[in-house]
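Visitor: If you scroll down you'll find the structure; I have some questions about it.
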Amino acid sequence: MVKEALFSIIAPKVGDSKVLDLFAGSGGLGIEALSRGAAWAVFIDRNPRCCSIIKENLAHTKLLDFAEVYAIDYSDAIRKMRREQRKFDIIIMDPPYNKNFAQEALKLLTNNDIMKDDGIIIAEHSASDDLPETCGRFRVIVRRGYGDTMITIYKDGKDGL
């Protein structure tokens with residue numbers, strides 16, 4: 001339900017986008033973006049087993065040729081993308097709940113300039129996680145609750161999606 005709601009909100013942004021899926025787990029969010037027309041996705045999860053599952057899921061959906069998968073920590077991944085001067089239209093993160101990873105990742109994203117102009121950052125998080133209204137140049141444009149799960153979408157600038 002949350003994934004469907006999220007993609008109905010961001011549908012206009014997905015086509016031909018470059019997506020970074022942080023804390024990717026099984027890769028469900030990034031794979032959904034690819035299946036809805038994203039051009040490329042980079043999947044990050046520090047657990048090598050999760051990365052194997054992502055690769056299997058990408059192969060099963062015939063999307064492996066449109067993706068990269070890295071078994072590294074999210075903070076190292078953000079810095080790696082910065083060093084490589086890579087920029088993304090959509091950054092999705094679904095970190096473990098109640099561990100402040102979303103807040104820390106937002107700070108790193110703000111400081112490392114890997115977002116394209118007009119890009120969005122999507123945080124799926126626990127309703128008890130207190131994410132800020134603004135973080136650097138990014139501000140909340142959408143915040144929706146689904147039971148204990150929240151979706152918070154940040155964007156650079158003043159416009160909506």
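The values are calculated or read from the model by the stated rules, or taken from the named source; none is laboratory data. Everything quoted here is computed from the prediction, not taken from an experiment. Cβ: placed from backbone, ideal geometry, glycine included. Neighbour counts: every protein chain shown.
Visitor: Can you say whether Phe88 is closer than 20 Å to Gly27 by Cβ and in contact (Cβ under 8 Å) with a residue 60 or more places away in the chain, as far as the supplied structure shows?
Guide: Yes; evaluated as a whole, the condition is true for this residue.
Visitor: Within segment 119-129, does at least one residue satisfy the condition of being farther than 15 Å from Asp21 by Cβ, acidic (Asp, Glu) and crowded, with 16+ Cβ neighbours inside 10 Å?
Guide: yes
Visitor: Same structure again: Go through segment 86-107 and report how many residues are modelled with pLDDT of 95 or more and assigned to a loop (DSSP other than H, G, I, E, B).
Guide: The initial filter retains those residues of segment 86-107 that are modelled with pLDDT of 95 or more, namely 86-93.
Of the ones still in play, those that are also assigned to a loop (DSSP other than H, G, I, E, B) are 86-87.
Going through segment 86-107 one residue at a time, the tally reaches 2.
Visitor: Oh, and also: Test Tyr70 against the stated conditions and say whether it is of a type in the set (Phe, Trp, Tyr), surrounded by 16 or more Cβ atoms within 10 Å (Cβ to Cβ) and farther than 26 Å from Met1 by Cβ.
Guide: Judged against the criteria, Tyr70 is a match.
Visitor: Could I ask something else about it? So Ile141 passes all but one of these: (1) within 15 Å of the chain's Cα centre (by Cα); (2) under 19 Å from Val14 (Cβ atoms). Which condition number does it fail?
Guide: All conditions are met except number (1).
Visitor: Count, please, the residues in segment 37-78 that happen to be in a helix (DSSP H, G or I), touching a residue at least 12 places away in the same chain (Cβ under 8 Å) and more than 21 Å from Ile120 (Cβ to Cβ).
Guide: Going through segment 37-78 one residue at a time, the tally reaches 8.
Visitor: Right, here's the next one. Tally time: how many residues in segment 108-137 are assigned to a strand (DSSP E or B) and in contact with a Ser or Thr (Cβ under 6 Å, 6 or more places away or on another chain)?
Guide: Number satisfying all stated conditions: 2.
Visitor: Continuing with the same structure: Where residues in segment 110-124 are closer than 21 Å to Pro12 by Cβ and acidic (Asp, Glu), which of them is modelled with the lowest pLDDT?
Guide: Looking only at segment 110-124, we keep the residues that are closer than 21 Å to Pro12 by Cβ, and these are 115-124.
Filter again for acidic (Asp, Glu), leaving 117-118, 124.
Numbers: Asp117: 86, Asp118: 89, Glu124: 94.
This residue is Asp117.
Visitor: Output the residues belonging to segment 144-155 that are over 15 Å from the mean Cα position of the chain (by Cα), in a strand (DSSP E or B) and not polar (S, T, N, Q).
Guide: Hits for segment 144-155 are Arg144, Gly145, Tyr146.
Visitor: Also: Is it fair to say Pro96 is under 14 Å from the mean Cα position of the chain (by Cα) and either more than 21 Å from Asp156 (Cβ to Cβ) or surrounded by fewer than 22 Cβ atoms within 10 Å (Cβ to Cβ) (or both)?
Guide: On the way: under 14 Å from the mean Cα position of the chain (by Cα): yes; either more than 21 Å from Asp156 (Cβ to Cβ) or surrounded by fewer than 22 Cβ atoms within 10 Å (Cβ to Cβ) (or both): yes.
In short, yes.
Visitor: Enumerate the pairs (first residue in segment 2-19 and surrounded by fewer than 18 Cβ atoms within 10 Å (Cβ to Cβ); second residue anywhere and in a loop (DSSP other than H, G, I, E, B)) with beta-carbon separation below 7 Å, excluding pairs fewer than 6 apart on the same chain, so at least 6 apart or on different chains.
Guide: Phe7/Arg36; Pro12/Leu161; Gly15/Gly37; Asp16/Gly37; Asp16/Ala39
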